[in-house]
Amino acid sequence: MESELHSIGELARASGLGVGTLRYYDGAGVLVPAWVDPQTGYRWYRPGQLADARLLVRLRRVGLPLPAVRAVLGAEPGGGEARRVLDAHLRRLEDGLADARRELSLIHAMIDQREQPMTTTPAELRLTVRAEGLAAALDAVRFAVGDDPEPPSLAGVLFEPDGPVLRLVATDRYRMALAEVPAVAADPTDPASPASPADPTDPPAAGTIVPTALVDALRALLGAGASAVVLTLGGGLVRADLGGHRIEGAALDFDYPDHRALTRLEPEHRIILSAAELRAAVETGATRTLPSGPDGADCEVTVLTLTGDGRLTVADDPAPEGYRLAVNRDFLLDALDAGRPGAPGQLLLELGGPIAPLAVRTPGRTGTFSVLMPVRLP
């Protein structure tokens, strides 16, 4: 048999991967040897695995994560799965580059302010958004606002203009909610009328943290019947004009955590299911009490698991072996209802590993979703 196989040393020399690296990829289930000598533990590889090893080198060179590498190497020839994985990775790289450009633009503005403090004034941005859309976006994120005074930057909602949309972000460190609403540049001569869509090529505006009390006042104002609201952000202030009414207040002067790294997820499972059925399963399913967070406070935890046919269920206690993802039960119920009164319709759940965040999405609303941090099972 050995005469038909490559030794691990031969494969290492031919592929450029070190022997230790090949052992690591074996343990990770990415490039498993064809045969392992039961006496010596020495690894042997089929001739065809040399091509896989060389492909693996290239995949890791472009930063493809191990689960995605495993998917590419294990994909059926001609099935298209490998290309889908690579296309998704390319989109993540492009998003990362766009994030870097956005941050660098803001850094340049901060440097200008630092070097010319008397001549450079903070930028002010005026946007018009549909009142109904902004109300739905606030409903989708309000539940995740932090109330712990220790990180004061979390005691509000981040309003982040991004080209043709206004993104809202809220987090308390254990969960995060995001929502997007179309935005247009407001006509500076008429606060009640929109002008043209915000130009996505314009330099990005820094986000504004709107404090919780002002968020709630704005949400109440949005029920006054007007169709559009003009938001003025920047310069340390927040102002909203709606149907002859105005509310305004000071923004929070803190740096908001970078939400993009957390929300650029790489799920292993995508499951569409009924929101009402999942809520009923969570409400009636087994829970366990576990410490959650740095303060060690106990919380009721729901353990999600996958059946043999790929269905998502709430696990009994004790949970079966296999895939298990534990999340704070109350946080999960909040996420199921956020922006969806009565939790109607379908949900898309994106699951990674047992210590990866859980994303709760509504099909068709790409920029509006919630992310829950997992609770570590003992």
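The residue of segment 260-287 that is modelled with the highest pLDDT, among those that are in contact with a helix residue (DSSP H, G or I) (Cβ under 7 Å, 6 or more places away or on another chain) and basic (K, R), is R279. If we keep just the residues of segment 89-108 that are surrounded by 12 or more Cβ atoms within 10 Å (Cβ to Cβ) and among the small types (G, A, S), which is farthest from G63 (Cα to Cα)? Among those that are surrounded by 12 or more Cβ atoms within 10 Å (Cβ to Cβ) and among the small types (G, A, S), it is S105.
Taken together, T366, T307 contain a single residue that is over 22 Å from A144 (Cβ atoms) and either at pLDDT 80 or above or among the small types (G, A, S) (or both), which is T307. The set of residues in segment 194-221 being at pLDDT 50 or above and exposed (fewer than 13 other Cβ atoms within 10 Å of the Cβ) consists of A213, A220. Considering L11, L59, the condition of being closer than 19 Å to P77 by Cβ and touching a Leu at 6+ places or on another chain (Cβ under 9 Å) is satisfied by L59 alone. Starting from residues that are modelled with pLDDT under 80 and in a loop (DSSP other than H, G, I, E, B), keep the ones in segment 115-148 and report whichever is nearest to P164 (Cα to Cα). Among them, the one singled out is A123. The condition (being within 23 Å of V141 (Cβ to Cβ) and modelled with pLDDT of 90 or more) is satisfied by just one residue among L325, L349: L349.
Of the residues making up segment 15-51, those that are surrounded by 14 or more Cβ atoms within 10 Å (Cβ to Cβ) and touching a residue at least 24 places away in the same chain (Cβ under 8 Å) number 16.
Within segment 232-270, the set of residues being under 14 Å from E132 (Cα atoms) and either polar (S, T, N, Q) or in contact (Cβ under 8 Å) with a residue 60 or more places away in the chain (or both) comprises just one member, L242.
The values are calculated or read from the model by the stated rules, or taken from the named source; none is laboratory data. Note that this is a predicted model, so its numbers are computed, not measured. Every residue, glycine as well, gets a Cβ built from its backbone with ideal geometry; the counts of neighbours run over all protein chains shown.
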